[in-house]
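Working notes, beginning with the structure itself.
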Amino acid sequence: MSRRPRDLDEDDVRVRPGRGSRPRSRLRPAHAEAAVGFVVAIDRGRYTCLVDEHDVVAVRARELGRKAVVVGDHVELVGDVSGRADTLARLVRVQPRTSLLRRSADDTDPVERAIVANAEQLAIVCAVANPEPRTRLIDRYLVAAFDGGLEPLLVLTKADLANPQPLIDAYALLDLRVVVTAHGEPGDELPALLRDRLTVLAGQSGVGKSTLINALVPGALRATGDVNVVTGRGRHVSTSTVVFDLPGGGRVIDTPGVRSFGLAHVDVNRVVAAFPDLLAGAAQCPRGCRHALPAGGATVDDDIARCALDDWVASGHAEAARLDSLRRLLSVGERSDPD
Ligand SMILES: Nc1nc2c(ncn2[C@@H]2O[C@H](COP(=O)(O)OP(=O)(O)OP(=O)(O)O)[C@@H](O)[C@H]2O)c(=O)[nH]1
Ligand SMILES: [Mg+2]
Ligand SMILES: [Zn+2]
């Protein structure tokens, strides 16, 4: 029987990493002779790893097997770790992860693609216009953040083009931090939220992720591109995932824009855990409950496998709108259309 790739990574994920802990303090080499590096970029099988303050380029060692290595991983390196030109180290091991942002190609494809490891925060970047905002994609990122142990942050860009209020209202019930930016400028609030943390920026192509990185990180020099006036879509300018140091401390990771974000791997319990007001109620649910709406026509008496959250809300333990929000998020992982 073949082991599905996602099984290799699930044990690594611990939900909700502690705030403010810096990756460096967790470095703990298992092999006495191995150097520990932090993967900052990957290009055609070459892993650029930060070791002490210098870059070391490494290739995968056979003993790594099929284990995915992604930007943000702490890895163990052997061989030539001098970082001198034309030298290559060997990447022998990936250290346990505190979080993992991952997606599947679509909702039915069990093969997960790890995107970034160990980020504390997921900045979900969405333009209020040009390209048109897609709330279902935001919902999908939220689910991926809760599932992977990242704290979500919604960044609404291009507020110079349209009013951000409808989007702010759409997420008001989620205890989600929202930052609004305009004219490609990060403003004051966003830098404060990024300080001393590892944050990954994700979102559709053309929403302005690289524009923000360029404004936040002097010398980042990320290419940016206009949104196509005919299709209203971004041009998929960024094609690689890269880490940048913020001048005030902390790091940001720029990622390529996506069209779809599959959620085949999601663990319902980790999403429910992001709703503390509903979590205790879910403890009363039948085993394996996916917290869906009661089936049409089912009444309190005739369905023993009923989700307990409806009673939890009816008896005043939580707001009905919160349960609706949770159900909306859980349902995005069950729809097969890529929107
Ligand atoms: N009006 C306006 N335009 C912006 C703003 N932020 C970014 N843009 C423009 O939006 C376009 C796309 O920006 P990028 O930074 O390349 O977008 P991206 O999210 O990195 O896109 P990909 O790399 O393709 O995923 C560029 O023409 C930017 O100048 C903003 O706040 N207001
Ligand atoms: Mg970009
Ligand atoms: Zn339930």
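The values are calculated or read from the model by the stated rules, or taken from the named source; none is laboratory data. Because the structure is a prediction, the values reported are computed rather than measured. As a convention, Cβ positions derive from the backbone with ideal geometry for all residues, glycine included, and neighbour counts pool all protein chains shown. To get the accessible areas, we keep the full protein, side chains included, count just its heavy atoms, and leave off ligands, DNA and RNA. Shrake-Rupley method; radii C 1.70, N 1.55, O 1.52, S 1.80 Å.
Things to note:
- Residue match in the stretch 131-145 (condition: farther than 24 Å from Ala170 by Cβ and modelled with pLDDT of 95 or more): no
- Selection from the stretch 230-265 of residues that are free of Cβ contacts under 8 Å to residues at least 40 places away in the same chain and either among the basic types (Lys, Arg) or within 11 Å of ligand 1 (Cβ to nearest atom) (or both): Arg235, His236, Val237, Ser238, Thr239
- Counting only helices (runs of 4 or more DSSP H) wholly contained in the stretch 275-339, the ones carrying 1 or more residues that are near ligand 3 (Cβ under 10 Å from one of its atoms) and at pLDDT below 90 occupy 320-332.
- All of (1) over 16 Å from Thr255 (Cα atoms); (2) open to solvent by less than 10 Å² (accessible area, probe 1.4 Å) hold for Arg197 with one exception: (2).
- Residue that is least open to solvent (accessible area, probe 1.4 Å), among those in the stretch 80-102 that are in a loop (DSSP other than H, G, I, E, B), modelled with pLDDT under 95 and charged (D, E, K, R): Asp80
- Residue in the stretch 203-214 that is nearest to ligand 1 (Cβ to nearest atom), counting only those that are closer than 19 Å to Val116 by Cα and free of Cβ contacts under 8 Å to residues at least 60 places away in the same chain: Ser210
- Top-ranked residue in the stretch 215-229 [being touching a residue at least 24 places away in the same chain (Cβ under 8 Å) and either near ligand 1 (Cβ under 8 Å from one of its atoms) or open to solvent by 40 Å² or more (accessible area, probe 1.4 Å) (or both); ranked as nearest to His183 (Cα to Cα)]: Ala215
- Positions within the stretch 253-269 being open to solvent by 20 Å² or more (accessible area, probe 1.4 Å) and acidic (Asp, Glu), in sequence order: Asp267
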